[in-house]
Structure formats: C-alpha cells, structure tokens
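Okay, structure first, notes after.
Since every read-out is calculated from the coordinates, none of them should be taken as a lab result. Please read these numbers as outputs of a predicted model, since none were measured by experiment. Note that each Cβ is placed from the backbone with ideal geometry, even for glycine, and that neighbours are counted across all protein chains shown.
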Amino acid sequence: MALSVVIVENHTILRQGLKRLLEDRGYDIVGETDNGREGVELVEEKLPDIVVMDISMPKLGGIEATRQIKKRHPEIKVIMLTIHMDEVYVYRALEAGANGYLVKEQAADGLIKAINVALDGGIYLSPDLPEDILENYRSMVRKGKDISEFSRLTEREKEILKLIAEGNTSREIAESLFISVKTVENHRANIKNKIDIHDTAGLVRYALKIGLIESEKL
C-alpha cells in the first residue's frame, strides 16, 4: 500500500509541483490545502503517514499547525518547507515536533530524501543549514533551556497572538474565531502577562522573533 501524504502549502504552483513529484514516486496524496488551520483539520480527517507543511501560511502558521498535529498524532511524520535559514525557525520547528526542515529551493531534490530519513526515525535538515544546528538544539533540550516564553501560552493564546500581530482588532479576532470580544480581551491580557510584553508593537516584534509571523506579512 502506498504511503499517504497531506500537503499544506500556501503557494498553489509549488503545491501542485510537490503533488506531482510525490505522485510520480508512488505516494498517495490524500489531501491538500493552503492554510494551517485547514491543514490540521485535514490531517485529523485523513490521518496520513506524512505531512508536507509550509511554515508561512494564513490563519495558522505551519509551526503551530505542526505542534497541534504532533500532539495528537506523534506517529505522523511532518516535513517543514521554508524560505528561512535563521536558526530560530529551525529550533521552533524541532520543538513543535517536525521530522524535517527543508528549504524550498531544495524541495525538488530533497523532499524524498527528507521523507525517507523521517520514516527511518531520523531528522532531516537542509544541507545548507549549519552542521551543528541539530546538536545545538539537543544540547538546549538536555540543559532544560526554554527556547522562548512562547511555550507558556495555550494553543488559543498562540492563535490570538498571531492574529494580533497580523493587525487584527479584537472585534475582527472575535468574529474570526466565533468568540466574544470580551473573551479576546481576556486572552490578550493573559498573553501580555505571561510573556511580560504590554504593548501591541512589542507583541508584533515578539511574534516575528519567534517565527509565529513572517516579516513580509507586516
């Protein structure tokens, strides 16, 4: 039986290319979408063997989508696709449970290799990344070092922080998430207290720093 794959990729042309590449290699594409929130729902429905996950997406970023998927289904292999070489993105992806971190420019040549490494129980990182980046991450974990205060936030708080950082008002967030404005304001206050940042500009910088949003979104 062919291995099943869900593709969560914001760019249509790249998503179509990945689908063709994987189908040509015998993989069964059981679903595809262009945003993280639908990606999580699709994975929950299809329960694929592998997820190919973009980092930069609307509604829910790829790192948080990966975190939610791995929390519920740790056996599913997730390969992250990205344009970012910054270590903070790699650390965030690994902390979320990603089994691979692949730079998009190398997707055509590296995706199958990344999947094979993940299926063998390893972690695949693009060869252009620093050689010691995985060991550095593991050292941080061994020492109990918290990569950032972001891990202290609940999943709903992370979702709301992303929407705040993208410039949404409390009312817009409430309408998007089907909750009350008062509930959004309560979450906003909790977020500020947990990470000790009390102005919107600071929240935006923080969300950017930890890879929750991308600079081109601002």
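Counting only Cβ charges, +1 for Lys and Arg and -1 for Asp and Glu, the dipole size of the chain around its Cα centre is about 660 debye. Placing unit charges on the Cβ atoms of the charged side chains and taking the dipole of the chain about its Cα centre, the candidate lying farthest along the positive direction among 100, 186, 52 is 186.
If I compute semi-axes √(5λ) of the Cα gyration tensor in Å from the structure I just sent, which labelled value in (1) 23, 21, 15; (2) 29, 20, 15; (3) 22, 20, 18 lines up? Only one listed value fits the structure, namely (2). Working note: Karplus 6.51/-1.76/1.60 with θ = phi - 60° gives segment 186-193 the couplings 5, 5, 4, 5, 5, 4, 4, 5 Hz, where Gly and Pro are set to x. For the chain, the relative contact order works out to 15 percent when only alpha carbon pairs closer than 8 Å and six or more residues apart are counted. For segment 84-96, putting each phi into the Karplus relation 6.51 cos²θ - 1.76 cosθ + 1.60 with θ = phi - 60° gives couplings of 9, 9, 5, 4, 4, 5, 4, 4, 5, 5, 5, 5, 6 Hz, in residue order, rounded to whole numbers and with x for Gly and Pro. As a calculated quantity, the FRET efficiency between residue 176 and residue 2 at R0 = 30 Å, using C-beta atoms, amounts to about 0.25. For residue 97, no residue whose modelled amide H falls within less than 5 Å of its own remains once neighbours fewer than 5 places apart on the same chain are excluded.
In terms of the mean number of neighbouring beta-carbon atoms within 10 Å, the peptides 158-166, 114-122, 27-35, 195-203 order highest first as 158-166, 27-35, 114-122, 195-203. Close amide H contacts of residue 60 (hydrogens built in the peptide plane, cut-off under 5 Å, sequence separation of 5 or more or a different chain): 36, 37.
3J(HN,Hα) along segment 167-176, derived from phi through the Karplus expression 6.51 cos²θ - 1.76 cosθ + 1.60 where θ = phi - 60°, amounts to x, 7, 7, 4, 5, 5, 5, 4, 5, 5 Hz, with x in place of Gly and Pro. With 0.36 nm allotted per residue and the present C-alpha distance subtracted, the residue 108-residue 120 stretch has 2.3 nm of extension available.
Between residue 32 and 7, the built amide H atoms are under 5 Å apart, and every one of these is 5 or more places off in sequence or on another chain. Report the normalised scattering of segment 80-138 as log10 I(q)/I(0) at q = 0.23, 0.24 Å⁻¹, calculated by the Debye formula with identical scatterers on the alpha carbons. For segment 80-138 at q = 0.23, 0.24 Å⁻¹, log10 I(q)/I(0) is -0.90, -0.99.
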